[in-house]
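S.K.: Handing you a structure now.
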Amino acid sequence: MQFHVPQFIDVEDKIFGPFSAKQFAWIGGGLGAFFVAFSITGSIFLGIIISSPFLALGGALAFYKINNRPFIYIAEAAFKYFTKSRLYIWKKEDKKPVHSEEGDVVEEVFVPKLSDSKLKDLAWSLDIQESDSIYSNKNQR
């Protein structure tokens, strides 16, 4: 018994001439922005100047790919990067020289301290993960 395996599943269907439905929608959005700018200003030149960022964005969303990924994924990642808070683990701090009793300069090593609650949380999560792997029935036959 033979089965037909679908091929080219990552290629979108061309619905509107040489454009897929998504490409047609992005281009239509850019042209719609041009039409709105033209109807407000009454000048083609001013309409092109005002709507050029929208036309460029629509063209990029429709056709531009970075590392074989559509531009919408890169735009989404950039939006999330700029809107979410970041956690900086390491920040360089200037160390003040510490002098010993003999007058020599001794380098001080900075060791960050965890608070009690964070340390307990970390120990608890390690205990839970370890006990899950030890007592799971996946490895037993």
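Since every read-out is calculated from the coordinates, none of them should be taken as a lab result. Everything quoted here is computed from the prediction, not taken from an experiment. Note that we place each Cβ from the backbone using ideal geometry, even for glycine, and neighbour counts take in every protein chain shown.
S.K.: Could you order the peptides 79-85, 117-123 from most to least packed, using the average number of other C-beta atoms within 10 Å per residue?
M.R.: Top of the packing list down: 117-123, 79-85.
S.K.: Among 16-26, 63-73, how do they line up by average Cβ neighbours within 10 Å per residue, starting with the highest?
M.R.: 16-26, 63-73
S.K.: Also, I was wondering about something else. Name the long-range amide H neighbours of Glu12: under 5 Å, sequence gap of 5 or more, or other chain; modelled H, no Pro or chain starts.
M.R.: HN-HN under 5 Å from Glu12: empty list.
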